[in-house]
Amino acid sequence: MNLVIPGNTEQPENALKFALFVTNSTNQLAFAKEANVLPSTIDSVEKYKNELSSNPQASTVEKGRSIGANQLTDAEVLVPAMKDLNKLQKAIYENLQAAMLGEKTVEKAVADAAQEWNQR
């Protein structure tokens, strides 16, 4: 998930306030609970772990969430080892950006990224 402030926005201060509101620890914890994902800030993860561990009659799902939250300190971004991965990522990111900016349709962006990779 990404939250960006376009460079040409007419309201940069309000955009920044909104971004900080969405990404603060309190709101990230609330979002994580609603969206059934792990929180994204250190403080919200700690609060989440404390809430989960304070329930002596936690369900199997809650125990699983607790295990996941506790493993975040050891988590790594797994990137597959493959030749030219950085070129694939570049093709995907550039086409995603073009789609988000309305320079290409989503379908065209996906097709262009696939074609570029297949040529390699």
Q: Go through (1) out of contact with any Lys or Arg (no Cβ under 7 Å at 6 or more places or on another chain); (2) farther than 30 Å from ARG120 by Cα; (3) not hydroxyl-bearing (Ser, Thr, Tyr) one by one and return the number of the condition LEU52 breaks.
A: (1)
Q) Quick one: would you say ASN24 is surrounded by 10 or more Cβ atoms within 10 Å (Cβ to Cβ) and in contact with a helix residue (DSSP H, G or I) (Cβ under 7 Å, 6 or more places away or on another chain)? A) no
Q: Can you work out which of the residues in segment 1-33 that are over 30 Å from ILE67 (Cβ atoms) and in a loop (DSSP other than H, G, I, E, B) is nearest to the chain's Cα centre (by Cα)?
A: VAL4
(Q) Going by what's in this entry, would ASN36 be described as within 26 Å of ALA75 (Cα to Cα) and over 21 Å from the mean Cα position of the chain (by Cα)? (A) no
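For (1) modelled with pLDDT of 95 or more; (2) surrounded by 13 or more Cβ atoms within 10 Å (Cβ to Cβ); (3) in a helix (DSSP H, G or I); (4) over 23 Å from the mean Cα position of the chain (by Cα), each residue gets a yes or a no:
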{"position": "LYS49", "(1), (2), (3), (4)": "no, yes, yes, no"}
{"position": "GLN57", "(1), (2), (3), (4)": "no, no, no, yes"}
{"position": "ILE67", "(1), (2), (3), (4)": "no, no, yes, no"}
{"position": "ALA81", "(1), (2), (3), (4)": "no, no, no, no"}
{"position": "LYS87", "(1), (2), (3), (4)": "no, no, yes, no"}
{"position": "TYR93", "(1), (2), (3), (4)": "no, no, yes, no"}
Q) Of GLU76, GLU62, which residue is over 30 Å from ASP112 (Cα atoms) and either of a type outside the set (S, T, N, Q) or outside any helix (DSSP H, G or I) (or both)? A) GLU62
Q.
Against the conditions (1) part of a loop (DSSP other than H, G, I, E, B); (2) exposed (fewer than 13 other Cβ atoms within 10 Å of the Cβ), where does VAL37 fall short? Just the number, please.
A. (2)
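The values are calculated or read from the model by the stated rules, or taken from the named source; none is laboratory data. Note that this is a predicted model, so its numbers are computed, not measured. Glycine also receives a Cβ, built like all others from the backbone with ideal geometry; neighbour counts cover every protein chain displayed.
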